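Engineer: For reference, the structure I am asking about is given below.
No lab work stands behind these numbers, since they all come straight from the coordinates. Model, not experiment: these values are computed from the prediction. In this analysis, Cβ positions are derived from the backbone assuming ideal geometry, glycine residues included, and neighbour counts consider all displayed protein chains.
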Amino acid sequence: MLTIYDNLLSEKEQQEIYDFCRSIPYYRGEVDKPGAPFTGLIAPLENKKIIDKLMNRTKNDNKIMERTYINLFIPNEKPYFHIDNDDPNYKTLLYYVNTEEADWVDEGGETFFLEKNFKKAVSFLPGRTIVFNADMYHKASSFRTLDRYTIALKFKNSNIKK
């Protein structure tokens, strides 16, 4: 299951999130799979307003949140394919943060998915959000010339009992 959402947020909201993501410190520490080298930088996302906005607008509110963070890839980094969770009850939400003007076809920044030995790509567009099963093999791709910011929300796909 892969769902793509465009235009969930206003341009002002997109710019506020981009400014926020550019203002916080990042550190190295993520590997895509055991034995692979570090790729990219990461920062925890503890901004409840941003998390709630993305979850609510994709109709994923009242889910059990497992992890929230921001990825930062510098130009020409080479991430690896991986899965986020092998439990089919888990989902991943990715929000493409960058807002600058660019030739997005040549700049890159796609998220690639492996499906039956074919690579399929979701193109980068400012403000695009994708939600997919966490057990899908995928990888980010960096931009050619820009830093690439992506918010990642990982949650369990069962509603919280009230």
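Engineer: Closer than 12 Å to Lys154 by Cα and charged (D, E, K, R): does that describe Arg67? Explain how you work it out, then say what you get.
Structural biologist: Numbers: closer than 12 Å to Lys154 by Cα: yes; charged (D, E, K, R): yes.
It is true that Arg67 is closer than 12 Å to Lys154 by Cα and charged (D, E, K, R).
Engineer: OK, next. Among the residues of region 75-132, how many are aliphatic (A, V, I, L, M), touching a helix residue (DSSP H, G or I) at 6+ places or on another chain (Cβ under 8 Å) and surrounded by 15 or more Cβ atoms within 10 Å (Cβ to Cβ)?
Structural biologist: Taking region 75-132 and keeping what is aliphatic (A, V, I, L, M), we get 83, 93-94, 97, 102, 105, 114, 121-122, 125, 130-131.
Subset that is touching a helix residue (DSSP H, G or I) at 6+ places or on another chain (Cβ under 8 Å): 93, 97, 125.
Adding the requirement that they be surrounded by 15 or more Cβ atoms within 10 Å (Cβ to Cβ) leaves 93, 97.
Total meeting the criteria: 2.
Engineer: Within region 12-124, considering only strands (runs of 3 or more DSSP E) that don't extend past its boundaries, which have at least 3 residues that are free of Cβ contacts under 8 Å to residues at least 24 places away in the same chain? Spell out how you get there, then give the answer.
Structural biologist: Numbers: elements: 41-44, 63-73, 90-96, 111-115, 118-122.
By residue number, 118-122.
Engineer: Does region 96-123 hold any residues that are touching a strand residue (DSSP E or B) at 6+ places or on another chain (Cβ under 7 Å) and on the phi > 0 side of the Ramachandran plot, and which are they? Write out each step before concluding.
Structural biologist: Looking only at region 96-123, we keep the residues that are touching a strand residue (DSSP E or B) at 6+ places or on another chain (Cβ under 7 Å), and these are 96-98, 107-113, 119-122.
Listed by number, the residues that qualify are Gly108, Gly109.
Engineer: Among (1) buried (at least 17 other Cβ atoms within 10 Å of the Cβ); (2) farther than 12 Å from Thr129 by Cβ; (3) hydroxyl-bearing (Ser, Thr, Tyr), which single condition is Thr58 missing?
Structural biologist: So Thr58 meets the others, but not (2).
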